[in-house]
Amino acid sequence: MNNGSRNGKRRSRRVVVTGIGVVSCCGVGVHEFWSNVRDGHSGISKIDAFDVSDLSSKVGGQVRDFDPTDYLSAKDAERLGRFTQLAIASARLAVADAGLELDREDRYRCGVAFGSSGAGNGNIADEYYGRYFSGGLGAVHPTAIVEVPAHAAASHVAIDLGLKGPSVSASVGCVTAVATLSQAALTVSSGDADVVVAGGTEACLSRFIFGLLCRQRVLTSKNGDPSRACKPFDAQRDGLVLGEAAGAFILESAEHAENRGARVYGEVLGVGMTATAHHMVMSTTDGSELAEAMRRAMGSGGISPADIDYICAHGVGSPQLDLVETRAIKQALGARSTCIPVSSIKAVSSQPFAAAGALQVAATCMAMAENVVPPTTNLAVRDAECDLDYVPAQARTARIDTALLNAYSFGGTYASAAVRRYEGLS
């Protein structure tokens, strides 16, 4: 993760995760989120935010235990999009979890890397378009234009926390939070910042977006028991469950973290990203692109398949993508692939697009901290082609020193990140 620093010299500093904030359907705060992921308690429920009576899928990951005024003034809560509200809440939770006292920091040495895929579409944009079509431009607040784009989340996180260092945004579908992890790690590693608040946010549960995904046939049609709708790697899987969420994590240089006595969840070793250059929705089938992303993540961290103790899979319950990921893991890790526990958290957390990778960072860090591999909830019927150790049904105690997490997005972007237990600078 070498890059040029602001004084022209090339530096490379170790990068660690010191704080995690989560707002999700399966918990607000990292500890509630993790306990539900670890114990397989799904947050997926029947959708009641809009009418789904005529749609093929009727379940989703709605965030129900969230009041934006717990984190924002009533005026700001009314003005900002839900994706921005969730981002600010997760960022505040991450800062608190890190024990980071921002008043003691040089604000120009603290940055933001936050992203969203749908951004205001599905929430605030829908409202503004409705006002425009019913009442013309005069019915729409003049600041509407700055609240809809994806970068609104990063900008508002910076404003809310008073962070004046590098601020960037990303919008790469379900890979978004892994992309912001990469950008944040580069910023810290290069010496351009000591602290970066990174993550992803999504509030895309609307009739319009949900209905289009139903027409694409990518969502599950298992509408009986919502908690059992998403079945990653299971032979009876039939599609993903869409959700909303935000996840944030604090990245710091190892020196900065040690100097302030911070608790460290893990060290970011590297990120690998590739593209299929194939199709906006359909993936290639052999898994070679994800395999290459995994190789790059390991290579940038100076590790090999022999070092990997756990893989936090993309695993959304897609008949095609779960098989592609299985094939990719086998290619990237060879014979080692059959010895490594692999699990997906999506049956509990749903798939909140841009926030998904951030929730995987949270789950991976907590798994490492507790030496517990979270289960692939709802995996009951074995698929002959998905034949790795997917930790079905129940968590498992295991030493985790080094882990990979994978992500894939519409448009054909693949990503993998390598994280390891932090043992100190000496």
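Can you give me the pair-distance distribution of the range 269-420, C-alpha pairs, 5 Å bins, whole percents?
Pair shares across the bins are 2, 10, 21, 25, 23, 14, 4, 1.
Using the Cα atoms of the range 210-280 to build a convex hull, what is its mean projected area in square nanometres?
8.5 nm²
If the elastic network links every pair of Cα atoms under 10 Å, which of Thr220, Thr187, Thr276 fluctuates the most in the Gaussian network model of the chain?
Evaluated over the chain, the most mobile residue of the options is Thr276.
Taking the Cα-to-Cβ direction at Arg215 and at Asp51 and moving 7 Å from each Cα, how far apart do the two end points lie in nm?
So the label points at Arg215 and Asp51 sit 1.7 nm apart.
Run lengths n ≥ 4 of DSSP H only: what is the helix-derived mean residue ellipticity at 222 nm for the chain, with -39500 (n - 2.57) per run over all residues, to the nearest 500?
-9500 deg cm²/dmol
Straight-line reach only, C-alpha to C-alpha below 28 angstrom: list the lysines that Lys58 could link to, leaving out same-chain residues fewer than 8 apart.
Lys46, Lys222, Lys231, Lys346
Tell me, what is the percent relative contact order of the chain, built from C-alpha pairs under 8 Å that lie six or more residues apart?
Relative contact order comes out at 23 percent.
Computed on alpha carbon atoms, what radius of gyration and Dmax characterise the range 72-190, expressed in Å?
For the range 72-190, the Cα-based Rg and Dmax read 15.6, 50 Å.
Efficiency by 1/(1 + (r/R0)^6): what FRET value for Ala277 and Lys75, r their Cβ-Cβ distance, R0 = 45 Å, to the nearest 0.05?
That gives a FRET efficiency of 0.50.
Taking only Cα atoms and a 10 Å spring cutoff, compute GNM fluctuations for the chain and point out the largest among Gly118, Gly224, Gly60.
Its mean-square fluctuation being the largest, the pick is Gly224.
For a quick check of your reading of the filter: which GluC sites (Glu not before Pro) in the range 357-426 sit in a DSSP loop and have no more than 16 other Cβ atoms within 10 Å?
Glu385, Glu423
Working from the alpha-carbon coordinates of the range 1-123, get Rg over Rh, Rh being the Kirkwood radius.
Across the range 1-123, the Cα-based Rg/Rh ratio is 1.06.
Count neighbours as other Cβ atoms within 10 Å of each site's Cβ, and list the GluC sites (Glu not before Pro) in the range 74-161 that are DSSP loop with at most 10 such neighbours.
Counting only loop positions with at most 10 other Cβ atoms within 10 Å, the GluC sites (Glu not before Pro) in the range 74-161 are Glu101.
Could you please state, rounded to a whole Å, how far the C-alpha centre of the range 286-360 is from the C-alpha centre of the range 182-199?
Rounded to whole Å, the Cα centres lie 24 Å apart.
Placing one identical point scatterer on every Cα of the range 3-259 and ignoring solvent, what is log10 I(q)/I(0) from the Debye formula at q = 0.14 Å⁻¹?
Values, matching the q order: -0.97.
Quick note: the coordinates plus some simple rules give every number you see, no bench work behind them. Given the structure is predicted, the values throughout are model-derived calculations rather than measurements. Note that each Cβ is placed from the backbone with ideal geometry, even for glycine, and that neighbours are counted across all protein chains shown.
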